[in-house]
Amino acid sequence: MTELPHADQVRNHARWRPGWHSGRTSYAWLLPFADQPGLRHLVNQYQYALRDLPGFDLVPLEWMHILVQEVGFTDEVPQEKIDSLVDAARKRLTGFTPLSLAFHRAVVLPESLSLPAEPQTSLLDLRAGLRAATADALGDDQVPGEPEEVDRHISLAFSTTEGPAIFAVATLGGTDVDPTTAKTSAVSLVRLNRDHSCSEWETIAQVPLG
């Protein structure tokens, strides 16, 4: 399993990204993991150890996910295009198989404490298929630009302050946890909002993998 390096510093996650404001929502493709018992156990092990660590908000288990690909703000993507988007995704993902992702050691990222997923190539391949589906349904010029960092992890907690990451690194490293594997056979199209400390969503459609 690939060992990602810990960040030296953390910064406050609670800030509006470009285009976002209170009450605004977007369409996005994500993998929800709230129904995975082994993953819930692993997250609970870490979150119990993190309960007294200041400067971090724990992510509720019901909102565990990997954001694969954003589509666009709901007030900019025509509602009548959603069916076409789902159909395009079904066609692009026909050759995919259900994902089996391994999780074990958490890592400190600049804005979060997270569990990297392996193999990460599976997520990148899925993302490429969904970007192609978005271009098929909405046009090449409507595909969101590449972000600075592509999500390939599940967030355990978000940073609420700025400062050195040394205490978070020590807490994660000193926690005994059980590795797990999560399996998912579909990707979800959701209406996403970021009004609270972690992303929340309403599921619009699911597209099977394989």
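The table for this structure:
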| item | result |
| --- | --- |
| Qualifying residue in the stretch 65-75 (condition: within 22 Å of PRO18 (Cβ to Cβ) and open to solvent by 70 Å² or more (accessible area, probe 1.4 Å)) | yes |
| Tally, over the stretch 1-34, of residues that are within 15 Å of the chain's Cα centre (by Cα) and either among the basic types (Lys, Arg) or farther than 21 Å from ARG127 by Cα (or both) | 1 |
| Residue match in the stretch 116-123 (condition: of a type in the set (Asp, Glu) and in contact with a strand residue (DSSP E or B) (Cβ under 6 Å, 6 or more places away or on another chain)) | yes |
| Subset tally (residues that are among the polar types (S, T, N, Q), out of contact with any helix residue (DSSP H, G or I) (no Cβ under 9 Å at 6 or more places or on another chain) and in contact (Cβ under 8 Å) with a residue 24 or more places away in the chain) for the stretch 120-143 | 1 |
| Where a residue in the stretch 195-210 is closer than 28 Å to THR94 by Cβ and its partner, wherever it lies, is assigned to a strand (DSSP E or B) and among the charged types (D, E, K, R), with Cβ under 8 Å and at least six apart | TRP201/ARG191; GLU202/ARG191; ILE204/ARG191 |
| Residue in the stretch 68-83 that is of a type in the set (Val, Ile, Thr), closer than 19 Å to ASP178 by Cα and under 15 Å from the mean Cα position of the chain (by Cα) present | no |
| Where ASP176 falls short, out of the listed (1) under 22 Å from PRO78 (Cα atoms); (2) charged (D, E, K, R); (3) out of contact with any strand residue (DSSP E or B) (no Cβ under 6 Å at 6 or more places or on another chain) | (1) |
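Residue-wise test of (1) over 23 Å from ALA165 (Cα atoms); (2) modelled with pLDDT under 95; (3) of a type in the set (A, V, I, L, M); (4) open to solvent by less than 10 Å² (accessible area, probe 1.4 Å).
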residue: ASN44; (1), (2), (3), (4): no, no, no, no
residue: TRP63; (1), (2), (3), (4): yes, no, no, no
residue: SER84; (1), (2), (3), (4): yes, no, no, no
residue: GLY95; (1), (2), (3), (4): yes, yes, no, no
residue: LEU113; (1), (2), (3), (4): no, no, yes, yes
residue: ALA117; (1), (2), (3), (4): no, no, yes, yes
residue: THR121; (1), (2), (3), (4): yes, yes, no, no
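The values are calculated or read from the model by the stated rules, or taken from the named source; none is laboratory data. In this text the structure is predicted, and so the values were computed from the model without any measurement. As a convention, Cβ positions derive from the backbone with ideal geometry for all residues, glycine included, and neighbour counts pool all protein chains shown. Accessible surface is based on the protein model in full, side chains and every heavy atom, while ligands, DNA and RNA are left aside. Shrake-Rupley method; radii C 1.70, N 1.55, O 1.52, S 1.80 Å.
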